[in-house]
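Engineer: Supplied in structure tokens, the structure appears directly below.
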Amino acid sequence: MAVPIDKIRGRFERGIGPEERERLRRARILIVGVGGLGSPAALQLASAGVGTLGLVDFDAVEISNLHRQIIYRTPDLGRPKAAVAAERLMTTYPEVSVESFQERLSPANLLQIFPRFDFIIDGTDRIAAKYLVNDGAVLCGVPYSHAGVSGFYGQTMTVLPRRSACFRCLFPVPPPEGEVPSCQEAGIIGALAGSIGLLQALEALKYILRIGTLLTNRLFIFDAWVWQWRTVQLSPDRQCPLCGEQPNIRQVASIENEDCG
Amino acid sequence: MMDLAERTARMTVRVCVPTPLRRFTAGAEEVTVNGETIGRVVEDLELKFPGLKERLCDEGGRVRRFINIYVNGDDIRFLSNLETPVKDGDEVAIVPAIGGG
């Protein structure tokens, strides 16, 4: 339940005006995967005064999550992430309303969930799931922020469906199993995942507030190992299987892959 | 005066290698190779760092669809793919789809 604006005055009034605060309060942002990317993004969006956060996560908190998934604590081990994260967000920021979906994202539930939100943050940790989020967001017409991380390397882009390049415009088909190193193989540096997750939160805030320039038609790449970042230019691919002129993906298809611990 | 063949052979480009492929380059994030097209650059990469080509190209020799190659920030899919020419000093970036989160 959203709290009247006068009750949250003071917490959010630094830096933004009443109109912006109201926009944030009315905003509905969905975080798919409350892990290394999604945890810091969720905390930051709640603290910024976003009115409603949706959380999709099927997993339970594991010991191997704690180095990067900073919304969880050791006593949360074994408990469902979506419930724990909702609890933590609402305790810390009583103004935020949280809708938890303690289920694995699927073509079926995605069609029910995605259209109810203004913006989506892809915080998933599997490449197949990233394609699922992309396909769902584009077909449902919901803007979203993509990101992927591996070791000290991360990349992110923003997708405005049918207005800017989508993930499939960039990489038309998912890699086969084993082609992309899994989290177990590559390892995830918590601070790197957190950095990219916060960039995603920043992008969601910019979208909601309608300010600045979004990271559309560009892929931002950050290589923390050598302190190098670059953006490569993208454009919508007319041959994109999803949002091109003759798409062959007209509905969201199921994909299977391994989870990251 | 160098002849054309000699100059072509000396075309030197910098290739930015993403983390997941650095095990082929002994950890180097940037390597220098020769070639006048991206195809040649890939061949020289394979020569110097065996195993890398298979990660970039499929059995038919085409660039894999979950890996992109950029020349000075432009995607070769929208240029001339492996035939895309490169010149001395160009920066070639290999960008894979990344799955972690």
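Engineer: Could you tell me the convex hull volume per residue, in Å³, taken over the Cα atoms of chain A?
Structural biologist: Spelled out: Cα convex hull of chain A, divided by residues, is 122 Å³.
Engineer: Let me know the shape class of the stretch B:52-101, please: from the alpha-carbon gyration tensor, a ≥ b ≥ c as square roots of the eigenvalues, rounded when a/c is under 1.5, otherwise prolate if a/b is greater than b/c, or oblate.
Structural biologist: oblate
Engineer: Right, next: For the stretch A:121-135, just list the computed ³J(HN,Hα) in residue order, Karplus coefficients 6.51, -1.76 and 1.60, θ = phi - 60°, integers in Hz, with x standing in for Gly and Pro.
Structural biologist: In residue order, the calculated couplings are 10, 7, x, 6, 10, 9, 5, 4, 5, 5, 5, 4, 4, 4, 4 Hz.
Engineer: I've got another one for you. Using alpha-carbon positions, what is the distance between the centroids of the stretch B:74-101 and the stretch A:148-171, in Å?
Structural biologist: With the stretch B:74-101 and the stretch A:148-171 each reduced to a Cα centre, they are spaced 16 Å.
Engineer: Name the long-range amide H neighbours of residue A:228: under 5 Å, sequence gap of 5 or more, or other chain; modelled H, no Pro or chain starts.
Structural biologist: Those lying under 5 Å, H to H, from residue A:228 are A:223.
Engineer: Another question, if that's okay. Rounded to two decimals, what is Rg over Rh for chain B when you use alpha-carbon atoms and the Kirkwood radius?
Structural biologist: Expressed as Rg/Rh, it is 0.97.
Engineer: How big is the gap, in Å, between the Cα center of the stretch A:26-52 and the Cα center of the stretch B:34-55?
Structural biologist: Each part's Cα centre sits 43 Å from the other's.
Engineer: Let me spell out the model: positive unit charges on the Cβ of Lys and Arg, negative unit charges on the Cβ of Asp and Glu, origin at the Cα centre of chain B. What dipole size does that give, in debye rounded to 20?
Structural biologist: Here the size comes out at about 320 debye.
Engineer: Once you charge only the Cβ atoms, +1 for Lys and Arg and -1 for Asp and Glu, what is the size of the charge dipole of chain A about its Cα centre, to the nearest 20 debye?
Structural biologist: 900 debye
Engineer: According to the Kirkwood expression over distinct Cα-Cα pairs, how big is the hydrodynamic radius of the stretch A:45-134, in Å?
Structural biologist: Hydrodynamic radius (Kirkwood, Cα pairs) of the stretch A:45-134 is 13.9 Å.
Engineer: Show the residues, 5+ positions off or on another chain, whose built amide H is closer than 5 Å to the amide H of residue A:60.
Structural biologist: Those qualifying (amide H under 5 Å, at least 5 residues apart or on another chain) are A:81.
Engineer: Also, quick follow-up: Using only alpha carbon pairs under 8 Å that are at least six residues apart, calculate the relative contact order of chain A and give it in whole percent.
Structural biologist: With pairs under 8 Å counted, the relative contact order is 20 percent.
Engineer: Pairs of lysine in the protein assembly as shown with Cα under 29 Å and at least 8 positions apart or on different chains: total?
Structural biologist: The result is 8.
Engineer: Just checking the output field for B:17-27: average partner chain Cβ neighbours within 10 Å of each residue's Cβ?
Structural biologist: Partner Cβ neighbours, averaged per residue: 3.
Since every read-out is calculated from the coordinates, none of them should be taken as a lab result. Just so you know, these numbers come straight off a predicted model, no measurement behind them. So basically every Cβ, Gly included, is an ideal-geometry build from the backbone, and we count neighbours across all protein chains shown.
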